[in-house]
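Let me begin by presenting the structure, written as structure tokens, before commenting on it.
The values are calculated or read from the model by the stated rules, or taken from the named source; none is laboratory data. Since the model is a prediction, treat every value here as computed from it, not as a measurement. FYI the Cβ positions are ideal-geometry reconstructions off the backbone, even for glycines, and counts take in every protein chain you see.
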Amino acid sequence: MLVARSVTECHLYMALHPCAGCGEWDFPWSRHDRGPGPRSVYEGPCPSCGASRRFEFVIAPDAVPPPAYGGPEPSRIIDPGEFLAMSERAARHAAVPADASGPRRDDARTAASDALAAVEEVLKFVPPDASAVPASAFTSETGLARYAADPAAFTRERLQERIEACQQALLALTA
Ligand SMILES: [Zn+2]
């Protein structure tokens, strides 16, 4: 069962899971059913191969409104490696030349804010008395590969440095 902490997290989960048949990432669902209760189901055909796709989530009782992914608890459906990879991708998109146009800067600001939100999610996986994300937190193929490539990226210290760098980048784009 996929327990999501927010609607934003449902959308991100779907964005991280391509079509099993053809590998298409895009999933413009044609049907979204809420309920009964906390159930949230997205359905529709894959735009590339036509296979019918379906995601069923249960929205946690303490769900948060967008754009947050969740409260203080770590995600149960997206692992810390996936969040860090996402943060790194967004941070690259946030890097713009000083003379970038207004719309490009707006895009960069959104990306910088996404990069910050995603790395904050990684930090939630560090237990209060620990100095790093435990290896057991990595459950996805992408996440496990990211962890294997550089386990030191998941220490509390490195994550906090990364959060500060993201905050600085966001500040520079907001000024
Ligand atoms: Zn497909």
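Condition first: touching a Phe, Trp or Tyr at 6+ places or on another chain (Cβ under 9 Å) and surrounded by fewer than 16 Cβ atoms within 10 Å (Cβ to Cβ). Now tell me which residues in segment 46-74 satisfy that. Listed by number, the residues that qualify are Pro47, Arg54, Glu56.
Going by what's in this entry, would Pro72 be described as closer than 18 Å to Lys124 by Cα, modelled with pLDDT under 95 and assigned to a loop (DSSP other than H, G, I, E, B)? Yes, satisfied. There is at least one residue in segment 30-45 that is surrounded by fewer than 13 Cβ atoms within 10 Å (Cβ to Cβ) and within 16 Å of the ligand (Cβ to nearest atom). Looking across segment 46-69, the residues that are away from the ligand (no atom under 16 Å from the Cβ) and either in contact with a His (Cβ under 6 Å, 6 or more places away or on another chain) or in a loop (DSSP other than H, G, I, E, B) (or both) come down to Ala60, Pro61, Asp62, Ala63, Val64, Pro65, Pro66, Pro67, Ala68, Tyr69.
Scanning segment 6-29 for residues that are buried (at least 16 other Cβ atoms within 10 Å of the Cβ), in a loop (DSSP other than H, G, I, E, B) and either in contact (Cβ under 8 Å) with a residue 40 or more places away in the chain or charged (D, E, K, R) (or both) returns Ser6, Leu16.
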